[in-house]
């Protein structure tokens, strides 16, 4: 469901641009580190894949706590539980449990395995999904995002969304996420925001004829960059025309890019300082890295290869990393 980028060769087309650090790409079991200032490349062993799997532990932003999923019981007593462990003391406590016993599965709230989604940056809240019956097909059309206190308690169900890691971010003390069911990325995807402790999701923008996708919060926590395009139910993987928009937490909108016909601007990523934004300009699955600096589009910088994606969604940072990013 989370299509990964695959290059046809290990040589990259690169155009040098100073001041942008380096990009690391996962290719054929090795890491290729490309200096964007010189286009020099070095290869080292390693893996970079950043997907998530059922039960994968997640550390809190400050590194002090670790959330994990443990299974217990069998048959009608089978369940999974989110546990939070203090890594300094080793003490752990349960946060939330989900039964694993069911007679049938469906797209509703059927029990299933827990997938941890992430922490709030204040280390107080854990986001997660329950996958009905562990069905990948159901997950592909959207799961219910839930949030629970790291201290434990009753979780809150927020909204259904596609479980992509680049569809949710913590920004300015709130969670902002791309919501909506149906695996077609451009079909009826809304931008919602919710804040503790009441967690009542509200539309962040009122542009009802637009679909929203991958998003990134600015390091100052005051606004986001989100890819968006007009509403479309076209299921073709490459029938997209995403552009990047600046979205304020007050709902204000400013268009940042206007890709040429047949191209889509995707996967925004901020530098730690917030003064540079990297993104990928895609055509028919072929992605090239660009930058937005001082209000100006810079590039092309580096050819990233081909990413088939999934019904219009491409996460180029699953198999790539930027040295200047958070």
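Bear in mind these aren't lab numbers, they're just calculated from the coordinates by the rules spelled out. Because the structure is a prediction, the values reported are computed rather than measured. For neighbour counting, all protein chains shown are included, and Cβ atoms are generated from backbone atoms with ideal geometry for every residue, glycine included.
Here is how the numbers come out for the structure above:
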{"read-out": "P(r), alpha carbons of segment 53-155 - 5 Å bins starting at zero, rounded %", "value": "2, 13, 24, 25, 18, 11, 5, 2, 0"}
{"read-out": "Added length on full extension, which subtracts the Cα-Cα distance from 0.36 nm per residue, residue 101 to residue 231", "value": "42.9 nm"}
{"read-out": "Segment 190-287: relative contact order as a whole-number percent, Cα under 8 Å and 6+ apart", "value": "21"}
{"read-out": "Helix-only [θ]222 nm of the chain, DSSP H runs n ≥ 4, -39500 (n - 2.57) each, per residue, nearest 500", "value": "-500 deg cm²/dmol"}
{"read-out": "Whole-number percent relative contact order across the chain, with pairs defined as alpha carbons under 8 Å at least 6 apart", "value": "16"}
{"read-out": "Contour excess over end-to-end distance, with Cα ends at residue 93 and residue 41 and 0.36 nm allotted per residue", "value": "14.1 nm"}
{"read-out": "Spacing of the two label points (7 Å from each Cα toward its C-beta) at residue 66 and residue 258, in nm", "value": "5.1"}
{"read-out": "In Å, descending, principal axis extents of the Cα set of the chain", "value": "58, 45, 36"}
{"read-out": "Gaussian network model of the chain, Cα within-10 Å springs - most flexible of 89, 115, 169", "value": "89"}
{"read-out": "Förster radius 22 Å - calculated FRET efficiency between residue 250 and residue 272, Cβ distance, rounded to 0.05", "value": "0.35"}
{"read-out": "Theoretical gain in end-to-end length, residue 33 to residue 209 [0.36 nm per residue, Cα-Cα removed]", "value": "59.3 nm"}
{"read-out": "Calculated FRET value between residue 200 and residue 151, using beta carbons and R₀ = 22 Å, to 0.05", "value": "0.60"}
